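I have placed the structure first, in the form of structure tokens, so that the comments after it can refer back to it.
The values are calculated or read from the model by the stated rules, or taken from the named source; none is laboratory data. As the structure is a computational prediction, the values presented were derived from the model and not from experiment. No Cβ is skipped: glycine too gets one built from the backbone with ideal geometry, and neighbour counts run over all protein chains shown.
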Amino acid sequence: MKTTSGIVAILLGPVLVLSAGAQAPADYSAYPCLSYTLPCGKIATRKPQTKTLAGALDGNAERGRQIAQARDKGNCLACHVMKGGAQPGTRGPDLSHYGNAGRSDAETYTAIHDMRTRNPETLMPPFGTNEILSDLDIRDIVAFLQASK
């Protein structure tokens, strides 16, 4: 709770609700910025991009595990249960046995690149579209997920 000039305000997520009923502009400064190309707070919402896997996967599963579990890269553990991960999230589906699901490399690649192409209401960040992960990073994560059985 904050008080400014006698007005009582309560911070609820990114929206500051003022006692007078008016809403202050959203302040996202407390949330992490995952862009390496644009300054935080200046990132425009990019349109969903469908990108398919070109050629063979050629991903490295161990490197994919490291990227998926790194807080400054994939940070998949923030939402998902994954093999070898500590303190997983519960928001996304359990990916610890993803390799048994029968999904193709291409389908998995497209979902990681920008899940909004399959589900416009997803909470999953558009890792490829927003250039959070490179093509090789996504290939490595796909290899890790496919090896998780």
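Things to note:
- Hits in the stretch 40-60 (condition: surrounded by fewer than 19 Cβ atoms within 10 Å (Cβ to Cβ) and at pLDDT 90 or above): Thr50, Lys51, Thr52, Ala54, Gly55, Ala56, Leu57, Asp58, Asn60
- Failed item in (1) modelled with pLDDT of 95 or more; (2) touching a Lys or Arg at 6+ places or on another chain (Cβ under 8 Å); (3) in a loop (DSSP other than H, G, I, E, B), with Arg103 passing the rest: (2)
- Selection count, the stretch 106-149, where residues are surrounded by 17 or more Cβ atoms within 10 Å (Cβ to Cβ) and in a loop (DSSP other than H, G, I, E, B): 11
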